[in-house]
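Q: Sharing a structure below in structure tokens format, with a few things to ask.
The values are calculated or read from the model by the stated rules, or taken from the named source; none is laboratory data. Bear in mind the structure is a predicted one, so any value in this text is a computation, not a measurement. Neighbour counts run over all protein chains shown; Cβ positions are idealised from the backbone, glycine included. Quick note on the areas: whole protein, heavy atoms, side chains included, nothing else; ligands and nucleic acids left out. Shrake-Rupley method; radii C 1.70, N 1.55, O 1.52, S 1.80 Å.
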Amino acid sequence: ALLLLLALPSLAAYGWWRLSLPEGADVPGVLLRVVQPNISQDEKWREDNARQIFDRLKILSASPGKGGALGVPTHIIWPESAVPFLIDESPVARQELAVLLQGRATLFTGALRRDPNQRDAQGEPAVHNSIIVFDGYGQVAGHYDKWRLVPGGEFLPFEWLLEPLGFRKVVTVPGSFQAGPGPVTVTVPGAPAAALLVCYEIVFPQKLVSRDQRPSWIVNVTNDGWFGRSTGPYQHLAQAQLRAIEQGLPIVRAANTGISAVIDSYGRLRERLPLGSSGVIDARLPAALPATLYASWGDSGLYLLVLACLVVAFSVKRRTPGITQVSFTQGDYQ
């Protein structure tokens with residue numbers, strides 16, 4: 001008990017010391033622009049708003065911002081499902097992206113992606129909730145497909161049974177979204193390799209990033225418009241800060257309605273945009289730290305701690321003297 005009581009202030013003191021360390025060096029040659037368009041949920045999925053939404057994203061991406069003081073943005077990040085159409089299948093959209101990026105910037109955007117090489121249960125091309133990476137010429141340079149899907153939101157459990165009864169998913173796409181293969185590290189033009197995460201994937205500590213190839217930063221795109229002005233977006237941001245601390249990796253977060261942020265490898269907020277606002281963040285990419293204990297061992301430390309407690313408890317129980325049973329006769333009372 002004494003050791004546990006001493007551990008709490010010791011951990012607090014260590015945390016205070018760690019967060020008092022000066023900020024480390026930034027990744028040279030990388031200037032981020034995080035775009036927060038603040039499109040309300042009831043407008044976001046209307047097809048007749050597609051041009052207006054796309055133009056708003058482009059205008060924000062090309063706005064002066066702080067880019068004049070820091071330089072020209074090299075990497076632009078749009079939020080989850082940024083536009084209500086299949087952007088990688090639109091020649092017009094890719095041409096306009098090429099004009100926007102001018103051969104010198106890379107774009108990450110959350111988007112619906114159709115895979116003609118994969119079929120769903122109805123035999124149609126599989127639809128993924130993805131992040132697509134476009135190079136400076138509007139060509140697809142890579143993608144990531146979300147693999148932790150939201151039950152009832154992105155897929156309907158027991159769809160064969162519930163759909164005939166009138167149950168539907170929150171996100172209306174033909175069939176259900178198909179899950180990706182799991183955490184992967186994506187090569188990024190002009191920047192270190194990154195882990196890409198869609199929405200609430202950031203709240204899971206386990207299997208957050210690839211164990212085979214450790215990334216140097218995490219890109220998290222989300223649409224927290226579902227939460228309105230509740231505590232949800234603040235909790236979601238706090239979860240992202242925890243993941244940065246656990247992994248020792250910076251996280252760049254683009255949210256449709258907020259809260260977009262740049263988080264350094266200690267979990268500190270470098271930059272953020274208020275909830276319910278429209279704007280951009282221009283910031284340098286913080287450098288990664290060496291792999292933390294949690295990044296290397298995961299929950300193994302917790303399992304070892306529980307095992308150690310059980311061993312100590314069992315050992316103490318065996319050493320504790322029991323109560324000796326004594327019988328008395330009537331003569332003993334006399």
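Q: Is it the case that ILE39 is surrounded by 10 or more Cβ atoms within 10 Å (Cβ to Cβ), among the aliphatic types (A, V, I, L, M) and assigned to a helix (DSSP H, G or I)?
A: Working: surrounded by 10 or more Cβ atoms within 10 Å (Cβ to Cβ): yes; among the aliphatic types (A, V, I, L, M): yes; assigned to a helix (DSSP H, G or I): no.
For ILE39, the condition - surrounded by 10 or more Cβ atoms within 10 Å (Cβ to Cβ), among the aliphatic types (A, V, I, L, M) and assigned to a helix (DSSP H, G or I) - is not met.
Residue-by-condition table, conditions (1) closer than 24 Å to TRP217 by Cβ; (2) of a type outside the set (Phe, Trp, Tyr); (3) not in a strand (DSSP E or B):
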site: VAL262; (1), (2), (3): yes, yes, no
site: TYR266; (1), (2), (3): yes, no, yes
site: VAL280; (1), (2), (3): yes, yes, no
site: ALA295; (1), (2), (3): yes, yes, yes
site: LEU305; (1), (2), (3): no, yes, yes
site: VAL312; (1), (2), (3): no, yes, yes
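Q: Okay, next question. Residue check, ALA288 against (1) more than 18 Å from LEU21 (Cα to Cα); (2) touching a helix residue (DSSP H, G or I) at 6+ places or on another chain (Cβ under 9 Å); (3) surrounded by 16 or more Cβ atoms within 10 Å (Cβ to Cβ); (4) not aromatic (Phe, Trp, Tyr), all met but one. Which one?
A: Of (1) more than 18 Å from LEU21 (Cα to Cα); (2) touching a helix residue (DSSP H, G or I) at 6+ places or on another chain (Cβ under 9 Å); (3) surrounded by 16 or more Cβ atoms within 10 Å (Cβ to Cβ); (4) not aromatic (Phe, Trp, Tyr), only one is false for ALA288: (1).
Q: Could you list, ordered by first residue, the pairs with Cβ atoms under 8 Å in which the first is in the range 141-161 and over 26 Å from THR185 (Cβ atoms) and open to solvent by less than 40 Å² (accessible area, probe 1.4 Å) and the second is at pLDDT below 60 and β-branched (Val, Ile, Thr), at least 6 apart or interchain?
A: GLY152/VAL170; GLY153/VAL170; GLY153/VAL171
Q: Out of the range 190-205, which residues are more than 8 Å from the chain's Cα centre (by Cα) and either of a type in the set (A, V, I, L, M) or within 14 Å of ASP224 (Cβ to Cβ) (or both)? Working first, answer last.
A: Start the filter on the range 190-205 by keeping residues that are more than 8 Å from the chain's Cα centre (by Cα), which leaves 190-195, 204-205.
Scanning the range 190-205 gives ALA191, ALA193, ALA194, ALA195.
Q: Let me ask you something else. For the range 68-96, give me each residue that is under 20 Å from ASP48 (Cα atoms) and out of contact with any helix residue (DSSP H, G or I) (no Cβ under 8 Å at 6 or more places or on another chain).
A: Those that are under 20 Å from ASP48 (Cα atoms) and out of contact with any helix residue (DSSP H, G or I) (no Cβ under 8 Å at 6 or more places or on another chain): PRO79, LEU86, GLU89, SER90, PRO91, VAL92.
Q: Have a look at ARG148, ARG168 and point out the one that is modelled with pLDDT of 55 or more, charged (D, E, K, R), out of contact with any strand residue (DSSP E or B) (no Cβ under 6 Å at 6 or more places or on another chain) and within 19 Å of ILE251 (Cβ to Cβ).
A: Details: ARG168 fails: within 19 Å of ILE251 (Cβ to Cβ).
One residue alone meets the criteria, ARG148.
Q: Cβ-Cβ below 7 Å, separation at least six or inter-chain, first residue in the range 290-317 and at negative phi, second open to solvent by 80 Å² or more (accessible area, probe 1.4 Å) and of a type outside the set (S, T, N, Q): which pairs?
A: ALA291/ARG214; GLY301/LEU293
Q: Where residues in the range 91-116 are surrounded by 16 or more Cβ atoms within 10 Å (Cβ to Cβ) and polar (S, T, N, Q), which of them is nearest to ARG46 (Cα to Cα)?
A: In this case the residue turns out to be THR109.
Q: Can you pull out the residues in the range 210-232 that are at pLDDT 95 or above and crowded, with 21+ Cβ neighbours inside 10 Å?
A: Within the range 210-232, PRO215, TRP217, ILE218, VAL219, ASN220, VAL221, THR222 qualify.
Q: Name every residue in the range 214-237 that is within 25 Å of LEU302 (Cβ to Cβ) and more than 11 Å from the chain's Cα centre (by Cα), in order of residue number. Talk me through it step by step, then tell me what you get.
A: Quick first cut of the range 214-237, residues within 25 Å of LEU302 (Cβ to Cβ) only: 214-215, 218, 220, 235-237.
Residues satisfying the conditions are ARG214, PRO215, GLN235.
Q: Also, I was wondering about something else. For the range 18-44, give me the residue count where each residue is closer than 30 Å to PRO192 by Cα and modelled with pLDDT of 90 or more. Break it down into steps so the answer makes sense when it comes.
A: Step one: of the range 18-44, the residues closer than 30 Å to PRO192 by Cα are 18-38.
Narrowing further to those that are modelled with pLDDT of 90 or more: 26-38.
Matching residues across the range 18-44 total 13.
Q: What tally of residues in the range 51-92 results from selecting those that are over 22 Å from GLY103 (Cβ atoms), among the small types (Gly, Ala, Ser) and in a helix (DSSP H, G or I)?
A: Total satisfying the criteria: 1.
Q: With the checklist (1) of a type outside the set (A, V, I, L, M, F, W, C); (2) open to solvent by less than 10 Å² (accessible area, probe 1.4 Å); (3) without any contact (Cβ under 8 Å) to a residue 40 or more places away in the chain; (4) in a helix (DSSP H, G or I) in hand, flag the one item HIS236 doesn't pass.
A: (2)
Q: Scanning for something modelled with pLDDT under 95, open to solvent by less than 20 Å² (accessible area, probe 1.4 Å) and not small (Gly, Ala, Ser), does the range 174-186 turn up at least one residue?
A: So far as the range 174-186 goes, yes, one or more of its residues are modelled with pLDDT under 95, open to solvent by less than 20 Å² (accessible area, probe 1.4 Å) and not small (Gly, Ala, Ser).
Q: Is it true that some residue in the range 42-62 is under 18 Å from ALA141 (Cβ atoms), surrounded by 12 or more Cβ atoms within 10 Å (Cβ to Cβ) and in contact (Cβ under 8 Å) with a residue 24 or more places away in the chain? Spell out the reasoning first.
A: Residues of the range 42-62 under 18 Å from ALA141 (Cβ atoms): 61.
Of the ones still in play, those that are also surrounded by 12 or more Cβ atoms within 10 Å (Cβ to Cβ) are 61.
Restricting the remaining residues to those that are in contact (Cβ under 8 Å) with a residue 24 or more places away in the chain gives 61.
Checking the range 42-62: at least one residue is under 18 Å from ALA141 (Cβ atoms), surrounded by 12 or more Cβ atoms within 10 Å (Cβ to Cβ) and in contact (Cβ under 8 Å) with a residue 24 or more places away in the chain.
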